[in-house]
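**Student:** Below are the structure tokens for one structure; questions will follow.
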There are 2 protein chains.
Amino acid sequence: MNNFTFYAPTLFAFGDGEEKKCGELVRRFGGTKVLLVIGGGSAKKIGAFDAVTASLTAAELPYTVLEGIQPNPRSGKVYEGINIVRREGLDFILALGGGSVIDTAKAIAFGAKYEGDFWEVFAGEGQMPSDPLPIGTVLTIAAAGSEGSASCVITHEAGNLKWGAPKSDALRPRFSVLNPRYTCALPPYQTACGIVDMFAHVCERYFTTTPDVALTDRLCEALMKTIVEAGNKVMANPMDYHARADLMWAGMLAHNNSCGVGRAQDWASHQIGHELSAFYDCAHGASLAVVMPAWMKYVMNENPARFARFAVEVFGCELNPMQVEKTAKEGIRHLRSFFRVLGMPTTLGEIGATVEDIPAMVMHRSAKGFPFGGFAEIGPAEMADILCICEGE
Amino acid sequence: MNNFTFYAPTLFAFGDGEEKKCGELVRRFGGTKVLLVIGGGSAKKIGAFDAVTASLTAAELPYTVLEGIQPNPRSGKVYEGINIVRREGLDFILALGGGSVIDTAKAIAFGAKYEGDFWEVFAGEGQMPSDPLPIGTVLTIAAAGSEGSASCVITHEAGNLKWGAPKSDALRPRFSVLNPRYTCALPPYQTACGIVDMFAHVCERYFTTTPDVALTDRLCEALMKTIVEAGNKVMANPMDYHARADLMWAGMLAHNNSCGVGRAQDWASHQIGHELSAFYDCAHGASLAVVMPAWMKYVMNENPARFARFAVEVFGCELNPMQVEKTAKEGIRHLRSFFRVLGMPTTLGEIGATVEDIPAMVMHRSAKGFPFGGFAEIGPAEMADILCICEGE
């Protein structure tokens, strides 16, 4: 196990009705004037907007609403939020929605404290402020894990760059309210995208080059197995509260790094997926469903035993000890089947992508730099090869 | 899954050499004058005392040492610490040692802010102050999990009462330094006591009456399985750094409640074990090794399927689907064998206890009240029965 620092000081209020505590939690963490960030209409449709604003009003907290955050959130809304915060002297950012809303809130929270253009921090040209405005979240989609993570991903309209900010514990929310009931009404496609995303967050940590990490290996497997089981349950019965609850908590644990401490991580599938999202504006989860099995096929031979263990522990495959490659491949097949059961695309064509665009995607990625990955090092040629594998069955 | 709040805002610095960050961490969390709490001589022998004081000195932090904390820590040292803190105007408590040292530090931290006698809080006659002094820890024994927990257990000399304070997130350390290297030099008996203790912390959460808790079930199993595997490794090779590291992180996770959220817990074995420790001053882990298998035998029929699952998932037993009781019993036998391999006592006689004392122990416990437990309700008669089972093979 490598040395590590783990600092995840978010308070989680989990369960049906917990959103009533919102106002009191904003007060507890020092907020007095709130920017409430939301997406489209769904937070209003499911009653979350009314519940949250009622809680803020009960705590006598004035708030300004910033709405219209889209999936693959854009820099434009971040600039808009920063301007509102500065103009109105707001001191707390409350995100109500999924990962896109939360990431927008995070970027506003540190951007408001940053002297220059917030994008400089994403581009590595400026330091993340150590004291961003405090943020809280009320989660309505189990997926990105941003409610407990140190991550923030924004797409800049100029150049269509989908980049992550440097990871920082200062980006972890002060509190997050997780009510699984809110996720019961999600359309199947969005539910499925979330499931793929959280599965990927564990996977990118699981496939490591660090030896002797037995405990985090098992924690990863516990999460992945639960995500598959609960994922199948909610696809069959969207109103299954307890499966929704398991998914929602798994989504947080998948990305707060509790299963990733002390081990090298990979993130190549995410990097390639970001390019697909940037080019075709497809859902983050959908891009991962296309890329991840292809990445696995491409890198499997780096450590077939680990892939075989993945097959056995997560999908219950039988180990073929004389031919671990066979077991390894079976695991990848199971993962792909799982994604298909979820209704996810698993080929380029299904998200409107074509092999002709591959050189352009590789070129576009080079703005962020090569190589990436860790389990295997991915340069331009390897990225192109993996995208080619995404093409076929 | 039940509703829950989870708030574990401790910063963990994990790995060899991390104790060098101590001074800087005390400063980060607002300390300027430190009470350094230690046990006997072992912290000095392994070099931890020198490393920690050097780090404090480098950060220009004055400190006063309170030493001589014993296992099953006593109230006397808490009163002594509170007096020093008040007299010298100290503002940060740094614990260097295992659970007993940390629990003493916690009691001093809130006791110094409590107007009356700190024991009133343990006795339920006073409110836990919401703003105890900040504490940090440098852990030298993987066992109690107090480095990340909301718990604190002290024995009051008057009445020989070994009681826990009401759980409070205010009792969680601001930071904890975990260097597995320090645990490599532990005597086998102390290592083993720690392994039993952390295993028990997961067990008391695993045996629940709450249905539909698939995710935390799996997390519990991941922890227990790792504890058994790494436990066997360090008994065979005490210098195995990576097994020590897995145990140290598992010990923290076992009791920070990450595997216990949203589910009813039990804690009967701990309650009964505390009486054995109070009567015979035996190590906490040793008392649990005696009580836990007996408790399991006694309550197994409340839910044989759960015990069978425990046998399969933690000890790799084969499920006998027509006779789950058989599989369940096999799991309990495996646990007892594991404790014996660790060199732990598993009968009353081995810790110097006798059946003649059982009525007195039950009577003594009544000061804290009956019933306790949760998986099964334990009254005076049940407690006596379980202690009787501890008597035999």
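**Student:** B:Ser176's amide H: which non-local residues (gap 5+, or another chain) put their own amide H closer than 5 Å, with H modeled 1.01 Å from N in plane and none for Pro or chain starts?
**Tutor:** Correct list: B:Leu11, B:Phe12, B:Ala13, B:Thr137.
**Student:** So the label point sits 7 Å from Cα along the Cα-to-Cβ vector; using that for B:Ala58, what distances do you get to the other copies, in nanometres, sorted shortest first?
**Tutor:** Here the equivalent label points are 5.0 nm apart from this one.
**Student:** Another question, if that's okay. Over the alpha carbons of chain A, what is the largest minus smallest coordinate on each principal axis, giving the biggest first in Å?
**Tutor:** Ordered largest first, chain A gives principal extents of 67, 43, 42 Å.
**Student:** Charges only on Cβ, +1 for Lys and Arg, -1 for Asp and Glu: so what's the dipole of the range A:188-391 about the Cα centre, in debye to the nearest 20?
**Tutor:** 360
**Student:** Given axes a ≥ b ≥ c from the Cα gyration tensor, I'd like to know whether the range A:128-257 is rounded (a/c under 1.5), prolate (a/b larger than b/c) or oblate.
**Tutor:** Because a/c hits 1.5 or more and a/b fails to exceed b/c, the range A:128-257 counts as oblate.
**Student:** Let me check against my output: what whole-number percent is the relative contact order of the range B:188-391, with C-alpha pairs under 8 Å and at least 6 apart?
**Tutor:** Across the range B:188-391, relative contact order equals 26 percent.
**Student:** Tell me, how many Å apart are the Cα centres for the range B:324-393 and for the range A:243-262?
**Tutor:** First find each Cα centre; the distance between them is then 35 Å.
**Student:** Taking amide H atoms as placed 1.01 Å from N in the peptide plane, list the residues 5 or more away in sequence, or in a different chain, whose amide H sits under 5 Å from that of A:Val65.
**Tutor:** The answer is A:Leu36.
**Student:** Find out how many positive minus negative residues lie around A:Met239, taking Lys and Arg as positive, Asp and Glu as negative, among other residues whose Cβ is under 12 Å from that of A:Met239.
**Tutor:** Summing Lys and Arg as +1 and Asp and Glu as -1 gives +2.
**Student:** Then there is this: With contacts defined as alpha carbon pairs under 8 Å and 6 or more residues apart, what's the relative contact order of the range A:113-183 in percent?
**Tutor:** Computed over the range A:113-183, the figure is 38 percent.
**Student:** Between copies, how close do the A:Glu80 label points come, placed 7 Å along Cα→Cβ, listed in nm from shortest?
**Tutor:** Nearest first, the other copies' label points are 6.5 nm away.
**Student:** Additional query: When DSSP beta bridges are limited to those with both residues in the protein assembly as shown, what percentage is antiparallel, rounded to the nearest 5?
**Tutor:** Roughly 30 percent of the beta bridges in the protein assembly as shown run antiparallel, per DSSP.
**Student:** Pop out the ³J(HN,Hα) list for the range B:9-26 in order, Karplus 6.51 cos²θ - 1.76 cosθ + 1.60 with θ = phi - 60°, rounded to Hz; leave Gly and Pro as x.
**Tutor:** Computed from phi, the couplings for the range B:9-26 are x, 8, 8, 10, 10, 10, x, 5, x, 5, 4, 5, 7, 3, x, 4, 6, 4 Hz.
**Student:** Separate question: Looking at the square roots a ≥ b ≥ c of the eigenvalues of the Cα gyration tensor of the range B:1-106, which shape do they give, rounded for a/c under 1.5, prolate if a/b is larger than b/c, or oblate?
**Tutor:** It comes out rounded by the Cα gyration axes.
**Student:** Arrange B:Ile378, B:Ile82, A:Ile84, A:Ile108 by Cβ neighbour counts within 10 Å, fewest through most, would you?
**Tutor:** With the sparsest Cβ surroundings first, the list reads A:Ile84, B:Ile82, B:Ile378, A:Ile108.
**Student:** Angle between the Cα long axis of helix B:214-236 and the longest principal axis of chain B, 0 to 90 degrees, nearest 10?
**Tutor:** Helix B:214-236 and the main axis of chain B meet at about 80 degrees.
**Student:** For A:Asp385, A:Asp131, which order do you get if you count the other beta carbons within 10 Å of each Cβ and list the fewest first?
**Tutor:** A:Asp131, A:Asp385
**Student:** Right, here's the next one. When the helix-only estimate is applied to the protein assembly as shown (DSSP H runs of n ≥ 4, each -39,500 (n - 2.57), divided by the residue count), what is the mean residue ellipticity at 222 nm, nearest 500 deg cm²/dmol?
**Tutor:** -15000 deg cm²/dmol, from helical runs alone.
**Student:** Turning to a different aspect of this structure: Counting other beta carbons within 10 Å of each residue's own, what order do B:Ser146, A:Ser130, B:Ser55, B:Ser151 fall into, fewest first?
**Tutor:** By the 10 Å Cβ count, ascending: A:Ser130, B:Ser55, B:Ser151, B:Ser146.
**Student:** With Cβ to Cβ distances under 10 Å as the rule, what net charge do the other residues near B:Thr32 carry (K, R +1; D, E -1)?
**Tutor:** Net charge around B:Thr32: 0.
**Student:** Within 10 Å of each Cβ in B:248-257, how many Cβ atoms from other chains are there, averaged over the peptide?
**Tutor:** Rounded to a whole number, the mean comes out at 2.
**Student:** Which of A:Lys233/B:Lys225; A:Lys20/A:Lys233; A:Lys77/B:Lys21; A:Lys113/B:Lys21; B:Lys21/B:Lys167; A:Lys113/A:Lys162 have a Cα-Cα distance over 30 Å?
**Tutor:** From the list (A:Lys233/B:Lys225; A:Lys20/A:Lys233; A:Lys77/B:Lys21; A:Lys113/B:Lys21; B:Lys21/B:Lys167; A:Lys113/A:Lys162), the Cα-Cα distance tops 30 Å for A:Lys77/B:Lys21.
**Student:** Can you pull the mean other chain C-beta count within 10 Å for peptide B:7-18?
**Tutor:** 5
**Student:** Along the charge dipole of the range A:11-183, Cβ charges K/R +1 and D/E -1, which of A:Thr155, A:Phe49, A:Val37 sits furthest on the positive end?
**Tutor:** Toward the positive end, the furthest listed residue is A:Phe49.
**Student:** Only Lys, Arg, Asp and Glu count, each charged at its Cβ (+1, +1, -1, -1), so figure out the dipole size of the protein assembly as shown about its Cα centre, rounded to 20 debye.
**Tutor:** For the protein assembly as shown, the charge dipole is close to 380 debye.
**Student:** Right, another one. Considering the dipole of the protein assembly as shown built from charges on the beta carbon (Lys and Arg +1, Asp and Glu -1) around the Cα centre, which of A:Phe279, A:Asn301, A:Val26 is farthest to its positive end?
**Tutor:** A:Val26
**Student:** When a/c is below 1.5 the answer is rounded, else prolate if a/b is larger than b/c, else oblate, so apply that to the protein assembly as shown with a ≥ b ≥ c taken from the square roots of the Cα gyration tensor eigenvalues.
**Tutor:** Because a/c hits 1.5 or more and a/b exceeds b/c, the protein assembly as shown counts as prolate.
**Student:** Find the chain B residue whose Cβ sits closest to the rotation axis that carries B onto A, and give that distance in whole Å.
**Tutor:** Taking Cβ atoms only, the nearest residue and its distance are B:Pro9, 2.
**Student:** For chain A, what does the relative contact order come out to in percent, with C-alpha contacts under 8 Å and a separation of six or more?
**Tutor:** Rounded, it is 15 percent for chain A.
**Student:** When the Karplus curve 6.51 cos²θ - 1.76 cosθ + 1.60 is applied with θ = phi - 60°, which whole-Hz ³J(HN,Hα) does each residue of the range B:180-187 get, with x for Gly and Pro?
**Tutor:** After applying 6.51 cos²θ - 1.76 cosθ + 1.60, I find x, 4, 4, 7, 5, 8, 5, x Hz.
**Student:** Post the alpha-carbon centroid distance, the range B:123-167 to the range B:272-300, in whole angstrom.
**Tutor:** 20
**Student:** Any idea which of B:Leu61, B:Val355, B:Gly126 is furthest toward the positive side of the dipole for chain B, if Lys and Arg beta-carbons carry +1 and Asp and Glu beta-carbons -1?
**Tutor:** About the Cα centre, the residue reaching furthest to the positive side is B:Leu61.
**Student:** Give the angle, between 0 and 90 degrees and rounded to the nearest 10, that separates the Cα long axis of helix B:284-299 from the longest principal axis of the Cα atoms of chain B.
**Tutor:** Compared with the principal axis, the helix lies near 30 degrees.
**Student:** While we're on this one: Mind pulling the angle between the C-alpha long axis of helix B:188-206 and the longest principal axis of chain B? Nearest 10 degrees, somewhere in 0 to 90.
**Tutor:** Between helix and principal axis, roughly 70 degrees.
A short reminder: the numbers here are calculations on the coordinates, not readings from a lab. Predicted model only: the values in this text are computed from it and were never measured. We place every Cβ from the backbone using ideal geometry, glycine too, and count neighbours over all the protein chains shown.
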